[in-house]
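K.L.:
Structure provided below as structure tokens; questions to follow.
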Amino acid sequence: MSKKNKPHRSAGPSLEELKQRAERAKREGRFQQALDLVKQVYKEQPTPAHLELLKETYLGRARQLRDQKQTRAAAPGLVAASRLDENNFAWLEKLAGEVIQCGEAQRAQALLDRVPEAARSGQVTVALADAAVTSEGASRNALPAALHADLDRVLLAFRQVEQGQDEPARETLQAIGLKSPFLEWKLLLRGLQAYYQNDDARALENWQRLSGERTPARLAAPFLAQIHAPYREAQSPAAQTSLRQQFERLQSSALLPQLRNLRTQMVSQGSLAQAFRLMETMAPAVRAEAPHLMPRLASAFYWAIIESGPDDLLRYQRVFGPPPHDPHLYRLQALAYDRHDDLTGAHEYWKRYEKEIAAHPDLWPSGQAEHARALIWQHLGDNALGVPSEHQLAKLPKQLRDVQGLAPKLDPGPEKCYQHAIELAPDLLEAHAALVDHLFKEGLNAKAEKAARQLLERFPDHIDTLEQLSNHLLANHPAEALELAERALQHNPLDRARRQQTATAHVALAQAHALAGRFEEARQQFRAALAFEGDMPAPLVLAPWAACELKAGDAPRAEELIVQLRASTRSEALVAYALRAEVTLLKLPAPIKKRFDAEVTAALKAPPTGRGASGLALVLLKHHLAGLTYYGQKTHVKKALAWIEKAHTVPLDVVELRAICEALFELSETPRTIDRFLRRGRKDFPTDPFFPYHEAVRALDTKGSRSMGPYRARPLLLEVQRLCRARPGNEEAEWMLEDVERRLELLDAFNPFGGGIFDTILDSFRDGFPGGFPFGAPEDDDDDDGWG
């Protein structure tokens with residue numbers, strides 16, 4: 001009899017394989033399949049480790065169902081899981097907490113009934129409290145009786161807040177203690193009250209105390225993200241989007257999407273027409289639902305018009321009506337013209353706005369109307385300064401002076417504008433200072449002195465005016481000039497420029513005393529000047545002092561000072577010239593003059609040195625700025641300049657070269673010599689903006705009919721701009737940069753080709769010639785070419 005084949009039974013997966021499959025399923029979110037696999041593992045080998053794995057998988061499946069909003073399906077599985085370890089009270093309590101989150105308070109209470117009172121922790125009670133509030137008291141029976149009163153307080157407070165009864169709500173919540181599981185609901189409600197009263201700081205203070213695991217924190221999250229950027233930015237992008245959407249739903253306003261669309265239109269569109277059309281359709285809803293937004297939206301459109309130009313005024317008036325402080329929109333138009341550099345239009349509308357304020361002072365609080373008008377007149381003065389005056393136009397090259405109609409004169413000019421501002425607001429310091437500065441720059445010294453004295457009556461410590469008036473009075477009123485210089489020095493005794501100015505005033509006063517025969521008073525002033533050692537060059541003190549002693553008849557003391565002067569300068573030419581100028585100034589006898597004439601003649605035959613040339617240049621400049629004059633001075637200056645000009649071939653450091661250039665700017669009548677020193681400075685010290693700056697300024701000041709100054713100056717000004725920006729914090733570089741940018745704007749305003757187009761054509765024209773610029777390089781032009 002043949003043997004029948006028995007059916008083959010393949011071996012099933014091992015326990016390890018089942019656990020690996022279960023882990024993979026959990027990672028992939030397939031918790032139901034994982035639960036079935038773990039059940040097989042526990043059935044075949046019911047160890048404590050496998051029991052814990054099964055319990056963990058039950059919880060994972062329940063949470064997955066809860067996240068999928070299938071809470072009814074999650075609760076039965078959790079109840080079934082309670083039978084896995086019925087005597088483990090911590091397990092039962094944990095399951096009860098999960099069941100509560102599924103909204104099944106009754107089933108949770110049934111699980112808790114199986115846990116003795118002594119073995120219970122507070123976590124489930126907290127979960128029951130949250131469930132009781134979210135169910136509006138429907139699950140109150142699951143709570144311990146002792147907590148019913150706090151639940152009723154929270155529910156009552158919610159109703160009171162909803163009805164706008166904030167004070168009763170605060171009193172209701174006051175009774176909830178710090179250890180109550182309803183404390184976080186108290187914090188939530190207090191934060192909401194503060195939020196709706198626009199007290200974001202107090203709302204934040206309450207909400208930051210909430211526990212992130214509880215329901216109140218999740219309810220407050222959309223509002224917290226709205227008012228607290230760090231909290232919002234700490235969330236993931238998806239969470240931020242979800243919180244924003246929740247906030248918009250909670251606000252329950254249809255205006256939010258429209259406002260967002262309006263913002264997009266205002267930011268992205270070149271014209272405001274579409275934004276105004278959208279605002280016009282929104283306006284009724286905004287006035288009805290959020291009337292407090294209308295002034296803010298009106299302000300946003302007001303400033304948007306200023307940026308885009310005054311073309312949408314009628315639309316603005318139709319949508320928002322006239323602003324109370326600008327009923328005819330004169331201020332808006334003036335600001336728009338200002339923004340777009342139309343000084344003529346701005347001038348006209350600012351004047352209209354000033355008249356409107358004067359006609360309706362009742363629209364302004366007491367005293368503010370006059371101050372507002374004064375500020376307008378001050379602004380008008382600042383605008384008027386942007387147009388070159390006749391004094392400034394006279395310094396421009398011919399081709400710029402011949403351009404007509406590009407910069408019309410503004411009426412009234414700066415002087416009258418600042419005076420109007422001062423009349424309306426006598427304490428407006430900025431207007432006083434601008435008037436003084438303008439008058440001094442225009443050479444109207446008598447008016448400037450009067451304005452400076454008026455300023456100092458009200459602001460006796462204004463440093464700039466003290467310095468300006470001191471410089472102005474130095475030649476004719478040295479005593480007052482000294483008093484003003486000392487007042488300015490008191491504010492910063494270490495400032496080198498102020499120390500030098502004070503020393504100069506001491507010397508000027510000493511010379512006045514010596515000329516009047518008051519020699520002891522003169523000596524006191526010279527000693528005071530010497531106290532500023534290091535700030536005041538020795539020749540400017542010792543030379544006049546020696547001349548003073550010669551006039552007083554004390555020849556030995558004079559010779560001591562001359563020896564000291566030679567030792568400090570080591571330049572015979574400098575010593576001889578300085579002494580010759582001083583003895584002439586003090587009207588000393590002819591024999592003394594002849595002595596120093598001979599010394600000057602001999603010294604100027606010797607080759608110059610860098611130190612001697614720069615020192616002599618400084619003495620010449622100080623004499624010129626101080627207004628010192630005497631018989632024969634012109635001849636002396638001419639000889640001294642000729643000697644200084646020979647120094648362009650000797651070694652010079654940057655300080656010496658600068659001193660020579662500064663003196664030549666004021667004194668030399670040979671432009672080519674000045675340009676030679678400036679070009680040397682650009683070559684030897686390429687990172688110093690001083691030399692290209694003054695070369696550009698001289699090119700712009702050239703008045704010759706053939707001058708190409710503006711087109712030569714532009715690249716120099718751009719070079720200075722680059723060098724100054726590389727020196728942040730340098731005071732000289734900062735004012736130089738400000739002046740360069742003003743000059744570039746002026747060049748653009750007067751450029752008939754506009755936008756630098758002519759410069760580009762000129763460059764292309766020059767580049768087309770193999771030998772370079774067809775008119776010859778500026779350095780090689782003849783003296784009469786007008787390029788300076």
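K.L.:
Filter the trypsin sites (Lys or Arg not before Pro) in region 161-248 down to the DSSP loop ones having no more than 15 other Cβ atoms within 10 Å, then list what survives.
P.N.:
Answer by residue number: LYS179, ARG209.
K.L.:
For region 578-659, treating each Cα as an identical point scatterer without solvent, what Debye log10 I(q)/I(0) comes out at q = 0.14, 0.25 1/Å?
P.N.:
-0.48, -1.26
K.L.:
Kindly provide the pair-distance distribution of region 459-530 built from C-alpha pairs, with 5 Å bins from 0 and whole-percent values in order of increasing distance.
P.N.:
Histogramming region 459-530 at 5 Å steps yields 3, 21, 27, 24, 14, 7, 3, 0 percent.
K.L.:
Can I ask one more? Ordered by packing density, taken as the mean number of other Cβ atoms within 10 Å over each peptide's residues, highest first, how do 77-85, 509-517 rank?
P.N.:
By packing density, highest mean first, the sequence is 509-517, 77-85.
K.L.:
When the chain is fully extended, how far beyond the present Cα-Cα distance does THR281 get from ASP362, taking 0.36 nm per residue of separation?
P.N.:
My answer for the length gained is 25.7 nm.
K.L.:
For region 167-172, in order, what is each residue's ³J(HN,Hα) by Karplus, 6.51 cos²θ - 1.76 cosθ + 1.60 with θ = phi - 60°, in whole Hz (x at glycine and Pro)?
P.N.:
Computed from phi, the couplings for region 167-172 are 5, x, 5, 4, 5, 5 Hz.
K.L.:
Looking at this model, which pairs from LYS551/LYS605; LYS409/LYS447; LYS639/LYS683; LYS416/LYS622; LYS69/LYS186 are more than 24 angstrom apart at the alpha-carbon?
P.N.:
From LYS551/LYS605; LYS409/LYS447; LYS639/LYS683; LYS416/LYS622; LYS69/LYS186, over 24 Å: LYS551/LYS605; LYS639/LYS683; LYS416/LYS622; LYS69/LYS186.
K.L.:
Could you tell me the accessible area of LEU744 in Å² (1.4 Å probe, neighbours in place), rounded to the nearest ten?
P.N.:
Taking all protein chains as shown, LEU744 has close to 20 Å².
K.L.:
Next question, about the same structure. Taking the simple approach of a point 7 Å from Cα along Cα-to-Cβ for both LEU494 and ALA80, what is their distance in nm?
P.N.:
Modelled inter-label distance: 8.5 nm.
K.L.:
A further question follows. Can you put LEU155, LEU664 in order of accessible area, largest first, using a 1.4 Å probe?
P.N.:
Descending order: LEU155, LEU664.
K.L.:
To continue, here is another question. Go through region 647-699 and name the GluC sites (Glu not before Pro) that are in a DSSP coil and have 13 or fewer other Cβ atoms within 10 Å of their Cβ.
P.N.:
Filter output for region 647-699: GLU669.
K.L.:
What are the ³J(HN,Hα) couplings of region 483-490, residue after residue, when phi is run through the Karplus curve with 6.51, -1.76, 1.60 and θ = phi - 60°? Round to Hz, x for glycine and proline.
P.N.:
4, 5, 5, 5, 5, 5, 5, 4
K.L.:
Hey, what do the phi angles of region 54-68 turn into as Karplus ³J(HN,Hα) couplings, whole Hz, using 6.51/-1.76/1.60 and θ = phi - 60°, x for Gly and Pro?
P.N.:
With the stated coefficients, region 54-68 comes to 5, 4, 4, 5, 4, 5, x, 5, 5, 5, 5, 5, 5, 5, 8 Hz.
The values are calculated or read from the model by the stated rules, or taken from the named source; none is laboratory data. Computed from a predicted model, the values in this text were never measured in an experiment. Quick reminder, even Gly has a Cβ in these numbers, built from the backbone with ideal geometry, and neighbours come from all protein chains shown. Areas reflect the complete protein model, heavy atoms only, side chains present, ligands, DNA and RNA absent. Shrake-Rupley method; radii C 1.70, N 1.55, O 1.52, S 1.80 Å.
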